[in-house]
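Reviewing the structure listed below.
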Amino acid sequence: MAARVFVAGSANMDIVASVPRLPKPGETVLASALATLPGGKGANQAVAAAKAGSPVTFFGCLGLDALGDVLAAFLQSVEIDLAHLERAACGTGTALIAVDDYGQNQIAIFPGANSSLRFSEGFRQAARGDVLLCQNECPLDVVREYAQAARRQQVTVIHNAAPAVALPQSLLEIVDVLVVNDDEAVQCLALMHPGTEAPREVAAMARALRVRADQIIIVTLGADGVVALAGERIIHIAVHRVQVVDTTGAGDCFCGYLASCLAAGDSIDRAITVANAAAALAVGRPGAGVGMPTRSEVDAFLASVTA
Ligand code: RIB
């Protein structure tokens with residue numbers, strides 16, 4: 001049986017305004033288009049892992065409203081197991097997103113039902129070889145419960161520390177693979193070591209984030225690619241130069257593909273290479289959840305760039 005990716009995390013409805021440029025504080029800009037699209041870091045990562053070909057179970061909490069129904073239907077349409085999905089008597093999480101002409105975004109999130117996520121006994125089915133993927137958009141004590149159960153069950157824990165918050169040491173020390181972007185790395189370090197300046201060099205940043213010698217720390221750098229620290233090895237993978245339409249969810253695509261590859265038994269080098277290629281395809285498409293590429297698209301892209 002193929003190893004399963006378990007995602008414990010957020011699901012949001014994204015209200016996306018296309019703007020010529022991101023507004024400055026206090027400024028109003030006119031949008032040329034408005035779309036309502038499935039999102040949320042947890043749900044996006046679950047979709048990416050499913051498109052990558054893994055069996056995926058999603059532990060999340062939606063509101064008892066129409067937005068929740070739409071999100072559940074979308075997740076079901078990509079064959080994600082929703083047997084343990086919760087619904088709370090409040091609004092579904094919602095993200096207000098502005099995307100500019102260069103694909104850059106600004107996001108404000110109202111967590112809504114994501115704040116009601118609880119640990120599910122359904123996670124007991126996860127076993128050695130499976131992967132747990134979490135983020136920072138749900139209550140961190142619940143995320144820690146999933147991570148602790150994963151460690152007891154010999155399940156690999158991947159934590160995407162986004163958005164940046166003060167990660168409790170008790171969570172950080174049970175993470176096997178930590179994924180952050182460069183801004184989040186700086187913010188995490190500032191929160192972990194208040195009053196000390198974060199190292200400027202990425203490899204040094206990764207070393208400062210590592211709290212266990214066998215942890216893998218991955219720092220995504222946008223246009224500068226990806227740097228990972230694995231043991232004493234530094235892995236650097238360059239970005240693929242593509243036309244950027246919308247960067248929303250690109251990090252989620254990377255995490256979902258990474259989880260899927262590690263669940264399939266790939267080396268960390270191969271997993272990062274595939275995830276980096278998947279993210280390059282994701283930035284070329286609008287929307288987070290709907291912009292995730294399929295595994296065959298990623299394989300074809302990788303074949304074309306290595307030919
Ligand atoms: O990472 C992108 C996601 O962040 C969006 O889909 C939005 O919902 C927020 O969670």
- Note on the structure: When the charge dipole of region 1-125 is computed with +1 on Lys and Arg Cβ and -1 on Asp and Glu Cβ about the Cα centre, the Cα farthest towards its positive end, among GLY103, SER10, GLN76, belongs to SER10
- From the backbone phi of region 255-260, what are the Karplus-calculated ³J(HN,Hα) couplings (6.51 cos²θ - 1.76 cosθ + 1.60, θ = phi - 60°) in whole Hz, Gly and Pro given as x? 5, x, 5, 4, 4, 5
- Which of the listed residues, GLY112, LEU281, PHE59, is farthest toward the dipole's positive end in the chain, when Lys, Arg count +1 and Asp, Glu count -1 at the beta-carbon? PHE59
- Item | HN-Hα J in Hz across region 115-124 - Karplus 6.51, -1.76, 1.60, θ = phi - 60°, x for Gly and Pro | 6, 9, 4, 10, 5, 10, 4, x, 6, 4
- Query: Do you know the relative contact order of region 137-236, to the nearest whole percent, from alpha carbon pairs under 8 angstrom that are 6+ apart?
  - Reply: 21
- Message: Rounded, prolate or oblate, given the Cα gyration tensor of region 221-292, with a/c below 1.5 counting as rounded?
- Response: oblate
- Only Lys, Arg, Asp and Glu count, each charged at its Cβ (+1, +1, -1, -1), so figure out the dipole size of the chain about its Cα centre, rounded to 20 debye. 420
- Message: Counting only helical runs of four or more DSSP H residues, what would the 222 nm mean residue ellipticity of the chain come to if each run contributes -39,500 (n - 2.57) and the total is spread over all its residues?
- Response: -10000 deg cm²/dmol
- Once the Cα gyration tensor of region 107-149 is found, what semi-axes does its equivalent ellipsoid get, as square roots of 5 times the eigenvalues, in whole Å, sorted largest first? 22, 11, 8
- Fewest first, what order do LYS51, LYS41 take by the number of other Cβ atoms within 10 Å? LYS51, LYS41
- Query: Short version: what are the Cα gyration tensor semi-axes of region 1-93, square root of 5 times each eigenvalue, largest first, in whole Å?
  - Reply: 29, 16, 11
- Message: Sort 294-307, 52-65, 147-160 by the packing proxy (mean of other Cβ within 10 Å over each peptide's residues), most packed first.
- Response: 52-65, 147-160, 294-307
- Task: Could you list the residues of region 32-58 with an amide nitrogen less than 19 Å from a label point located 7 Å from the Cα of MET1 in the Cα-to-C-beta direction?
- Result: 50, 53-58
- Query: Quick one: which of 107-115, 42-50 comes out on top by average Cβ neighbours within 10 Å, and what's the full order, highest first?
  - Reply: 42-50, 107-115
- Mean Cβ-within-10 Å packing, highest first, puts peptides 182-190, 204-212 in the order 182-190, 204-212
- So for region 69-120, what are the equivalent ellipsoid semi-axes in whole Å, largest first, each being the square root of 5 times an eigenvalue of the Cα gyration tensor? 25, 16, 9
- Task: Have a look at the chain and give its Rg and Dmax from the Cα atoms, expressed in angstrom.
- Result: 18.1, 54
- Query: Hey, what do the phi angles of region 64-70 turn into as Karplus ³J(HN,Hα) couplings, whole Hz, using 6.51/-1.76/1.60 and θ = phi - 60°, x for Gly and Pro?
  - Reply: 8, 9, 5, 4, x, 4, 5
- Task: Let me know the shape class of region 238-280, please: from the alpha-carbon gyration tensor, a ≥ b ≥ c as square roots of the eigenvalues, rounded when a/c is under 1.5, otherwise prolate if a/b is greater than b/c, or oblate.
- Result: oblate
- Cα-based Rg then Dmax for region 1-160, in Å, read 16.5, 54
- Taking the chain and dividing mean pair separation by its residue count, relative contact order in percent (alpha carbons under 8 Å, at least six apart): 19
- Checking region 232-282 for trypsin sites (Lys or Arg not before Pro) in a loop per DSSP with at most 11 other beta-carbon atoms within 10 Å yields ARG241
- Task: Starting from the amide H of ASN160, placed 1.01 Å from N in the peptide plane, find each other amide H under 5 Å away whose residue is 5 or more places distant or on another chain.
- Result: CYS134, GLN135, VAL179
- Query: Extent of region 110-203 along each principal axis, from alpha carbon coordinates, in Å, largest to smallest?
  - Reply: 42, 32, 19
- Query: Assuming R0 = 51 Å, what is the FRET efficiency of LEU96 and ALA213, from their Cβ-Cβ distance, to the nearest 0.05?
  - Reply: 0.80
- Rounded to the angstrom and largest first, Cα extents along the principal axes for region 47-87 equal 30, 16, 12
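Every number here is computed from the coordinates shown, using simple stated rules; none is lab data. Predicted model only: the values in this text are computed from it and were never measured. Note that we place each Cβ from the backbone using ideal geometry, even for glycine, and neighbour counts take in every protein chain shown.
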